[in-house]
Amino acid sequence: EDKVVQSPLSLVVHEGDTVTLNCSYEVTNFRSLLWYKQEKKAPTFLFMLTSSGIEKKSGRLSSILDKKELFSILNITATQTGDSAIYLCAVGDNAGGTSYGKLTFGQGTILTVHP
Amino acid sequence: DGGITQSPKYLFRKEGQNVTLSCEQNLNHDAMYWYRQDPGQGLRLIYYSQIVNDFQKGDIAEGYSVSREKKESFPLTVTSAQKNPTAFYLCASGDRRGYTFGSGTRLTVV
C-alpha cells in the first residue's frame, strides 16, 4: 500500500521565521511528488518534483526531492501571516503508458504564522 | 477556460439517503479522482479512474460508489452504508502535466 507521511503535523511560528516541512513516502512505482497549499477550499499547486537533487523555487518557497531516501522538504523563508495554511504533500504513481495512476496524499502540515 | 467543476458546493442529506456529487472537467484529462477531507486533516482517496468505464477503489471506498461513463464526468454517490459521511469532498483530474482540483462539495448529514 502506498504511504505518504508528513511532519510535523502542526507548526506555529512568528512572521519572519523560516520553516521546513517534511514528506516521506513509500510508493511502488514512483512518478512524481507534489506540494500543495490549502487555505479554505481547493488545494493550490506549489511544486511538482520528479528528479532528485534539483531544487525548485518560487519566491520564498523552495522544495527538493531525494529519491534515494524517499524524502522531500518544503522550505518557506521569511514567513508571513498569509502563509498560514495546510500544506499537503502527494505522490503520484506510474500506471504505465500516458496515464497517471494513484495520487496519494499525506496528512498535511497545519502552519500557523503569528504577526 | 478549461477547468473542473464540482456541484453543489453545499449539500445536506438526511440519514439513510443516498446522494450524488457531481464532478465535470473539460481539460481532456484521462485520470479523475475523488477525495474526502475531514477537518484539519489531509486528503484520503475514495476512488480513482484512469480511463472511461474503468475505476479502482482507493483507501476508503466503503459506502461510496462511482461511475465513469464519459471522460468528462466522474460522479460520486455517497450511500446510506457510509457511516460518517459528513465531510468535505474534493474531485481532481490529471495527466502527465499535473493535477487540477475542483472547489469541493461540503456534505452535511442532518
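Given the pairs A:Lys40/B:Lys70; A:Lys57/B:Lys57; A:Lys3/B:Lys57; A:Lys37/A:Lys57; B:Lys9/B:Lys83; A:Lys3/A:Lys37, which span a C-alpha to C-alpha distance of over 23 angstrom in this model? Before the final figure, lay out the partial values.
On the way: A:Lys40/B:Lys70 30 Å; A:Lys57/B:Lys57 35 Å; A:Lys3/B:Lys57 15 Å; A:Lys37/A:Lys57 15 Å; B:Lys9/B:Lys83 21 Å; A:Lys3/A:Lys37 20 Å.
In this structure, A:Lys40/B:Lys70; A:Lys57/B:Lys57 lie more than 23 Å apart at Cα.
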### In nm, spacing of pseudo-spin labels at B:Asp38 and A:His14 (7 Å Cα→C-beta vector)
3.5
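Around A:Thr77, what is the net charge, scoring Lys/Arg as +1 and Asp/Glu as -1 over all other residues with Cβ under 12 Å from its Cβ? Walk me through the intermediate numbers first.
On the way: positive: A:Lys57, A:Arg60; negative: A:Glu15, A:Asp17, A:Asp83.
Once all neighbours under 12 Å are counted, the net charge is -1.
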### Query
What length, rounded to one decimal in nm, is gained on full extension from A:Gln80 through to A:Lys67, with 0.36 nm per residue of separation minus their alpha-carbon distance?
1.7 nm
### Task
Extending each Cα 7 Å along its Cβ direction at B:Ser7 and B:Thr86, get the distance between those two points in nm, one decimal.
2.7
### Modelled FRET efficiency - R0 41 Å, B:Ser103 with A:Lys57, Cβ distances, 0.05 increments
0.90
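Dividing the convex hull volume of the Cα atoms of region A:11-85 by its residue count, what figure in Å³ per residue is obtained?
Values: hull volume 7.6 nm³, N = 75.
Taking only Cα atoms, region A:11-85 has a hull volume of 101 Å³ per residue.
Kirkwood hydrodynamic radius for the protein assembly as shown: how many Å is it when counted over pairs of different Cα atoms? Mind showing how you got there, number by number?
Working: mean 1/r = 0.0556 Å⁻¹.
So the Kirkwood estimate lands at 18.0 Å.
Laboratory data are not the source of any read-out in this text; all were calculated from the coordinates shown. Please read all numbers here as calculations on a predicted model, not as lab measurements. We place every Cβ from the backbone using ideal geometry, glycine too, and count neighbours over all the protein chains shown.
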